[in-house]
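Since the structure comes first, as structure tokens, the remarks are kept for the end.
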Amino acid sequence: MSQQTVNGDAFENLLHEERKFPPTPEFAAAANVHEEIYAKAAEDRVAFWAEQARKYLTWSKDFDQALDWSEAPFAKWFVGGEVNAAYNALDRHVENGLGDRVAIHFEGEPGDTETITYADLTERVKKAANAFESLGVRKGDRVAVYLPMIPEAVVTMLACARIGAVHSVVFGGFSAEALRSRIDDAEAKLVVTADGTYRRGKPSSLKPAVDDALAEPGHTVEHVVVVRRNGQDVAWTEGRDLHWHEVMEAASGEHTAVGHDSEHPLYILYTSGTTGKPKGILHTTGGYLTQCAFTHSAVFDLKPETDVYWCTADIGWVTGHSYVVYGPLVNGATQVMYEGTPDSPHQGRWWELVEKYKVSILYTAPTAIRTMMKWGREIPDKYDLSSIRVLGSVGEPINPEAWMWYREVIGHGKAPIVDTWWQTETGAIMVAPLPGVTATKPGSAQVPLPGIAVDVVDENGKPVPNGHGGFLVVREPWPSMLRTIWGDPERFKETYWSRFEGVYFAGDGAKKDDDGDIWLLGRVDDVMNVSGHRLSTTEIESALVSHEWVAEAAVVGAVDETTGQAVVAFVILRGEAEISESDDPSAILRAHVGKEIGPIAKPKHVLVVPELPKTRSGKIMRRLLKDVAEGRDPGDATTLADPSVMQQIAADLRK
Ligand code: ATP
Ligand code: MG
């Protein structure tokens, strides 16, 4: 492990990775895209995207201009074109004779199942479109969606898209307050919710949060449509509340989809709020769908006739929008949708589903992989996972050892792993290996996709040479880019376009390794400065996870009188870790980091904790750990998946 100290680097380049896994010749030969695609896209980026737009989508009116960047940073893609998202995801597959193909294998947490074909889904969406129109929802109106992972969520989103209403999905785990602020910000006319869902074998409710959210007057909501899911009793506001099954029964199954302008708003989605106040990210239609469909095909190598795809993300996150709803359905994929948690009723539930449905492409998050590592490999080892041929990762940097575990235990050493970097704001994948082309590398997202101008730059916006760290930026507009922050164009310019002139600033640190591959190093806000050395949270966390005892690690910089900041690490041990009485895990792990990275990166403290604070999308909330490490009372913990985690950690620290 070498250590470089280069002034001006936003991050020092500390960890080195030598392992590489090229695709097998058979995989490469049969892949959807090949090496040439990079050169082709580089020749004329905008023409490349125009070609994808016409290849992946059926336009009811062709576009005249691929990109209008004259009012930068406000982009217009496929200007003059008209396209209907729901038609592309549904009707056209039925018209092409694929009505009997399964669109969704739904599996409820209690074990109830539903098999929904493209013909079924199309009919349901037509009815929902008519139903919403009959409730006064018009093109451009906003609809708040507060639903669990059930087929009605997909139906609602596509029905909105069909009529040109703008959906705003609010994660079902969010509080009444969070829901209300999002309803108000978007001025939603309709709310679609359910009585409740199931969580770890128990009913959990949703409708009461909607009632609470709407209790104070002054909102814009006219109706609340309620899906019956867990059958629990719910309060009812006559005139406002309607049963989903009743409005759908009354609705006609005939509905013609008309094309909407390519730049017509498709949805608003609030970012997860890992770093601050959520932003209402606005996505529009033509460009967004193009990049979702292209990336879903190229990055996962989707073969719609034979693959069974499963993305474990909730529809409350952007991954659920782009890679459960829009990308897969536009591409005519067959997918699994699962309502519940991975440990209900047992810790093998996911693998049982992979075996049952013969899942061939699995897309999940590092937090889930690390949790499975913690539970131990004997659980997945009990199931037949031989159907898996591509594995994906998204949401956080995946530590090289978690990547290796994913490859060996879940992919049996043969399925390529695609580590996909993107954001709510980017709408679709931006940096990822192509599974039939790239020799993959544990821990690195590696290469910008064809047609995507991602770079790593220094403080002055100059590209860093290989072997150096800096800021991740996007130099050129891309089709699925956010168009603005809802209602706040100034904040849009200020947040993303003011750090570097004319360039999109993602807020993430990254480095280019000696091969020019990109590594994500964590949020720029989380960079640590220890005795003048700028250290990445991700690299130290990865060094910790590379120790056989450690399942998860979170690292923060805490104020320190002598060094400016000191590295403080929080670790969760693996279930199978064999630690004897005489071992001092803290000392052993400090020494391990020193050996893997260098003395400068050695944590001052390593604290073994039972859990880490995470957002509901599974991202580690380092901000709260920093509060604890600096002896402050952790601030607002309400967006945590489990708010009691912080009390546990604070209590442990006082011991
Ligand atoms: P907020 O912007 O409100 O703080 P958020 O950034 O957590 O919330 P998302 O848009 O869901 O909301 O997450 C995008 C971020 O997730 C990226 O900016 C990056 O930090 C991280 N991320 C996503 N995928 C990867 C990946 N493959 N490797 C490394 N980091 C990733
Ligand atoms: Mg973000």
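The values are calculated or read from the model by the stated rules, or taken from the named source; none is laboratory data. Bear in mind the structure is a predicted one, so any value in this text is a computation, not a measurement. We place every Cβ from the backbone using ideal geometry, glycine too, and count neighbours over all the protein chains shown. Keep in mind that these areas ignore ligands, DNA and RNA; they rest on the heavy atoms of the full protein, side chains included. Shrake-Rupley method; radii C 1.70, N 1.55, O 1.52, S 1.80 Å.
Check 459, 490 and return the single one that is surrounded by fewer than 18 Cβ atoms within 10 Å (Cβ to Cβ), away from ligand 1 (no atom under 15 Å from the Cβ) and at pLDDT below 95. Before you say what the answer is, go through the steps one by one.
Numbers: 490 fails: at pLDDT below 95.
Within the list 459, 490, the selection yields 459.
With the structure loaded, tell me whether residue 122 is in a helix (DSSP H, G or I) and within 29 Å of residue 209 (Cα to Cα) or whether it fails that test.
Working: in a helix (DSSP H, G or I): yes; within 29 Å of residue 209 (Cα to Cα): no.
Criteria not met by residue 122.
Quick one: residue 41 ticks every box in (1) open to solvent by 10 Å² or more (accessible area, probe 1.4 Å); (2) closer than 30 Å to residue 307 by Cα bar one, so which box is it?
Condition not satisfied by residue 41: (1).
Checking the condition over 24 Å from residue 373 (Cβ atoms) and buried (at least 16 other Cβ atoms within 10 Å of the Cβ), which residue from 631, 618, 564, 557 passes?
Working: 631 fails: buried (at least 16 other Cβ atoms within 10 Å of the Cβ); 618 fails: over 24 Å from residue 373 (Cβ atoms); 564 fails: buried (at least 16 other Cβ atoms within 10 Å of the Cβ).
Checking each option against the conditions leaves just 557.
Residue by residue through the stretch 86-126, note down the ones that are out of contact with any strand residue (DSSP E or B) (no Cβ under 7 Å at 6 or more places or on another chain) and open to solvent by 50 Å² or more (accessible area, probe 1.4 Å).
87, 94, 95, 96, 97, 98, 112, 120, 123, 124
Residue 447 - would you say it is surrounded by fewer than 22 Cβ atoms within 10 Å (Cβ to Cβ), of a type outside the set (D, E, K, R) and within 16 Å of ligand 1 (Cβ to nearest atom)?
Numbers: surrounded by fewer than 22 Cβ atoms within 10 Å (Cβ to Cβ): yes; of a type outside the set (D, E, K, R): yes; within 16 Å of ligand 1 (Cβ to nearest atom): yes.
In short, yes.
Going through 255, 243 one at a time, which residue ends up being more than 16 Å from ligand 2 (Cβ to nearest atom) and crowded, with 19+ Cβ neighbours inside 10 Å?
Working: 243 fails: crowded, with 19+ Cβ neighbours inside 10 Å.
Step by step, each of 255, 243 is checked, and only 255 is more than 16 Å from ligand 2 (Cβ to nearest atom) and crowded, with 19+ Cβ neighbours inside 10 Å.
This table checks each residue for (1) over 17 Å from the mean Cα position of the chain (by Cα); (2) open to solvent by less than 30 Å² (accessible area, probe 1.4 Å).
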| position | (1), (2) |
| --- | --- |
| 265 | yes, no |
| 268 | no, yes |
| 272 | no, yes |
| 282 | no, yes |
| 302 | yes, yes |
| 309 | no, yes |
| 313 | no, yes |
| 318 | no, yes |
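Out of the stretch 581-605, which residues are open to solvent by 50 Å² or more (accessible area, probe 1.4 Å) and either in the same structural domain as residue 400 (by the TED database) or polar (S, T, N, Q) (or both)?
Passing the criteria: only 582.
Which condition number does residue 580 fail, the rest of (1) out of contact with any Leu (no Cβ under 8 Å at 6 or more places or on another chain); (2) assigned to a helix (DSSP H, G or I) being met?
It is condition (2) that residue 580 fails.
List pairs: first residue in the stretch 210-232 and closer than 23 Å to residue 247 by Cα, second residue assigned to a loop (DSSP other than H, G, I, E, B) and open to solvent by 80 Å² or more (accessible area, probe 1.4 Å) anywhere in the structure, Cβ distance under 6 angstrom, at least six positions apart or on different chains.
Taking only residues 6 or more apart or on different chains, the pairs are 220/187.
What tally of residues in the stretch 204-222 results from selecting those that are outside any loop (DSSP other than H, G, I, E, B) and open to solvent by less than 40 Å² (accessible area, probe 1.4 Å)? Step through it out loud before you land on a result.
Just the residues of the stretch 204-222 that are outside any loop (DSSP other than H, G, I, E, B), to begin with: 204-205, 207-213.
Still in the list and also open to solvent by less than 40 Å² (accessible area, probe 1.4 Å): 204, 207, 209-211, 213.
Here the count works out to 6.
Identify the residue in the stretch 405-416 that is touching a residue at least 40 places away in the same chain (Cβ under 8 Å) and out of contact with any Asp or Glu (no Cβ under 9 Å at 6 or more places or on another chain) and, among all such residues, is farthest from ligand 1 (Cβ to nearest atom). Don't jump to the end; show me each part of the working.
Quick first cut of the stretch 405-416, residues touching a residue at least 40 places away in the same chain (Cβ under 8 Å) only: 407, 410, 414, 416.
Pick out the ones that are also out of contact with any Asp or Glu (no Cβ under 9 Å at 6 or more places or on another chain) and you get 407, 410, 414.
Values: 407: 15, 410: 17, 414: 22 Å.
Looking at the filtered set, the residue picked out is 414.
Within 16 Å of ligand 1 (Cβ to nearest atom) and in a helix (DSSP H, G or I): does that describe residue 595? Walk me through it before giving the result.
Details: within 16 Å of ligand 1 (Cβ to nearest atom): no; in a helix (DSSP H, G or I): yes.
The answer is no for residue 595.
Can you tell me which of 519, 549 is within 14 Å of ligand 1 (Cβ to nearest atom) and not assigned by the TED database to the domain that holds residue 467? Give the derivation first.
Details: 549 fails: within 14 Å of ligand 1 (Cβ to nearest atom).
One residue alone meets the criteria, 519.
Within the stretch 349-371, track down each residue that is within 16 Å of ligand 1 (Cβ to nearest atom) and among the aliphatic types (A, V, I, L, M).
First, pick out the residues of the stretch 349-371 that are within 16 Å of ligand 1 (Cβ to nearest atom): 362-370.
Within the stretch 349-371, 362, 365, 368, 369 meet the criteria.
Is it the case, given these coordinates, that residue 497 is within 15 Å of ligand 1 (Cβ to nearest atom) and either over 18 Å from residue 72 (Cβ atoms) or under 23 Å from the mean Cα position of the chain (by Cα) (or both)? Outline the logic, then answer.
On the way: within 15 Å of ligand 1 (Cβ to nearest atom): no; either over 18 Å from residue 72 (Cβ atoms) or under 23 Å from the mean Cα position of the chain (by Cα) (or both): yes.
The answer is no for residue 497.
What's the number of the condition residue 294 fails, among (1) surrounded by fewer than 22 Cβ atoms within 10 Å (Cβ to Cβ); (2) under 27 Å from residue 338 (Cα atoms)?
It fails just one condition, (1).
For the stretch 512-554, give me each residue that is among the hydroxyl-bearing types (Ser, Thr, Tyr), farther than 20 Å from residue 420 by Cα and buried (at least 18 other Cβ atoms within 10 Å of the Cβ). Spell out the reasoning first.
As a first pass, look at the stretch 512-554 and keep what is among the hydroxyl-bearing types (Ser, Thr, Tyr): 531, 536-538, 542, 546.
Those left that are additionally farther than 20 Å from residue 420 by Cα: 531, 546.
Listed by number, the list holds a single entry, 546.
For a quick check of your reading of the model, give me the residue pairs whose first member lies in the stretch 593-616 and is within 11 Å of residue 642 (Cβ to Cβ), whose second is away from ligand 1 (no atom under 16 Å from the Cβ) and among the basic types (Lys, Arg), with beta-carbon atoms closer than 7 Å and at least 6 apart or on different chains.
Pairs found: none.
Using beta carbons and a limit of 6 Å, which pairs, at least six apart or on different chains, have the first residue in the stretch 103-120 and assigned by the TED database to the domain that holds residue 154 and the second one aromatic (Phe, Trp, Tyr)?
103/118; 105/357; 107/338; 109/198; 110/198; 114/106
Quick check: anything in the stretch 63-84 out of contact with any Pro (no Cβ under 8 Å at 6 or more places or on another chain), polar (S, T, N, Q) and open to solvent by 50 Å² or more (accessible area, probe 1.4 Å)?
yes
Could you tell me whether residue 509 is open to solvent by less than 40 Å² (accessible area, probe 1.4 Å) and at positive phi?
On the way: open to solvent by less than 40 Å² (accessible area, probe 1.4 Å): yes; at positive phi: no.
Spelling it out, it is not the case that residue 509 is open to solvent by less than 40 Å² (accessible area, probe 1.4 Å) and at positive phi.
Looking at residue 47, is it in the same structural domain as residue 165 (by the TED database), outside any loop (DSSP other than H, G, I, E, B) and closer than 18 Å to residue 283 by Cα? Steps first, answer last, please.
Working: in the same structural domain as residue 165 (by the TED database): yes; outside any loop (DSSP other than H, G, I, E, B): yes; closer than 18 Å to residue 283 by Cα: no.
Spelling it out, it is not the case that residue 47 is in the same structural domain as residue 165 (by the TED database), outside any loop (DSSP other than H, G, I, E, B) and closer than 18 Å to residue 283 by Cα.
Take the stretch 464-486 and flag every residue that is under 24 Å from the mean Cα position of the chain (by Cα) and in a loop (DSSP other than H, G, I, E, B).
Once the filter is applied, which keeps residues that are under 24 Å from the mean Cα position of the chain (by Cα) and in a loop (DSSP other than H, G, I, E, B), the stretch 464-486 yields 475, 476, 477, 478, 479, 480, 481, 482, 483, 486.
Counting residues that are within 20 Å of residue 327 (Cβ to Cβ), which strands (runs of 3 or more DSSP E) fully inside the stretch 125-197 reach at least 3?
Working: elements: 142-146, 166-169, 190-194.
Result: 166-169.
Yes or no, residue by residue, for (1) touching a residue at least 40 places away in the same chain (Cβ under 8 Å); (2) assigned by the TED database to the domain that holds residue 118; (3) among the polar types (S, T, N, Q); (4) at positive phi:
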residue	(1), (2), (3), (4)
305	no, yes, no, no
309	yes, yes, no, no
312	yes, yes, yes, no
361	yes, yes, no, no
365	yes, yes, no, no
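Output the residues belonging to the stretch 473-493 that are of a type in the set (D, E, K, R) and over 16 Å from residue 318 (Cα atoms). Break it down stepwise before answering.
Taking the stretch 473-493 and keeping what is of a type in the set (D, E, K, R), we get 475-476, 483, 488, 490-491, 493.
Correct list: 475, 476, 488, 490, 491, 493.
For residue 437, all conditions in the list (1) under 26 Å from residue 512 (Cβ atoms); (2) within 16 Å of ligand 1 (Cβ to nearest atom) hold save one; what is the number of the exception?
(2)
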